[in-house]
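A.B. asks: The structure under discussion is supplied below as C-alpha cells; questions concerning it will follow.
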Amino acid sequence: MATPLATLSTKQASVRSLSVKERLQRSIAARSGEVVLRRDLVNFGSPAQVSRALKQLVAEGKLVKIGTGVYAKAAPGPISGIPMARQPLGALAAETFDRLGIPWQLGAAQRRYNERLTTQVPWRTTFDTGKRRISRRLQIGKRVVEYENDLTRPAWRRRRSRSTRPV
C-alpha cells in the first residue's frame, strides 16, 4: 500500500515536509504588503504551531509585532542592527485598517499640515475613524497610534443634533 507522500508530486511532498515556520516565512516573503495579519496564517497549522512560528520569526528579526494579531515585515536597523519595521508606523496603521476593513482618514492635525494650513509638524500618529470606536492598540516601540472620532473632537467642532440644542 502506498504512503500518502508517495502519491503526491515531488514538489508537493517537499512543501509538505517543510516546517510551519519555513512555510510561514515563504508565504510572508511572497506577500506584497508590509502588514501580516495572524488570521491570514490560520491554514498553516494549529493555533499553537502558528503562534510558536510567529514568535520565532519575531525573535529572528524577520517580523515585528505591532499589535494583537498584527505583524510587520522587518529589516535590521542601519545603526544598531536591531530589527525595525520597513515602513513608518503611520503607513503600517493605514495598511492595517485597510486590511481589516476599517474606514479611516488622517487625523485633524495631519490634514491641516498636508493642506498647508499650518507649519506645525504633527508629531503624533493619529487617525480619524468617524463615529466608529476602535480599541485596537498599534505600536512600534514607544510610538502609538492614537484615534480621533466624533466623541474625542473638541466640543465646538462636534455636530449637534437638533434635539440637543438649547431652546
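A.B. asks: In a solvent-free Debye calculation with one equal scatterer on each Cα, what is log10 I(q)/I(0) for segment 19-86 at q = 0.16, 0.17, 0.25, 0.28 Å⁻¹, listed in the order of the q values?
C.D. replies: After summing over all Cα pairs, the log10 values are -0.48, -0.54, -1.14, -1.39.
A.B. asks: Then there's this: Would you mind counting up the charge near Arg124? Only other residues with Cβ under 11 Å from its Cβ, with Lys and Arg at +1 and Asp and Glu at -1.
C.D. replies: Working: positive: Arg143; negative: Glu146, Glu148.
Result for the neighbourhood of Arg124: -1.
A.B. asks: Give the cross-link partners of Lys21 among the aspartates and glutamates, using a straight C-alpha distance below 13 Å as the criterion and excluding same-chain residues fewer than 8 apart.
C.D. replies: By straight Cα distance, Lys21 reaches Glu60.
A.B. asks: Per-residue counts of other Cβ atoms within 10 Å, averaged by peptide: what ranking do you get for 134-141, 122-129, highest first?
C.D. replies: 122-129, 134-141
A.B. asks: Calculate, in whole percent, how much of the Cα-Cα pair population of segment 6-122 lies beyond 16 Å.
C.D. replies: Above the 16 Å cut-off, segment 6-122 has 68 percent of its Cα pairs.
Read the figures in this text as sums done on the coordinates, not as results from a lab. Just so it is clear, the model here is predicted, and its values are computed rather than measured. In this analysis, Cβ positions are derived from the backbone assuming ideal geometry, glycine residues included, and neighbour counts consider all displayed protein chains.
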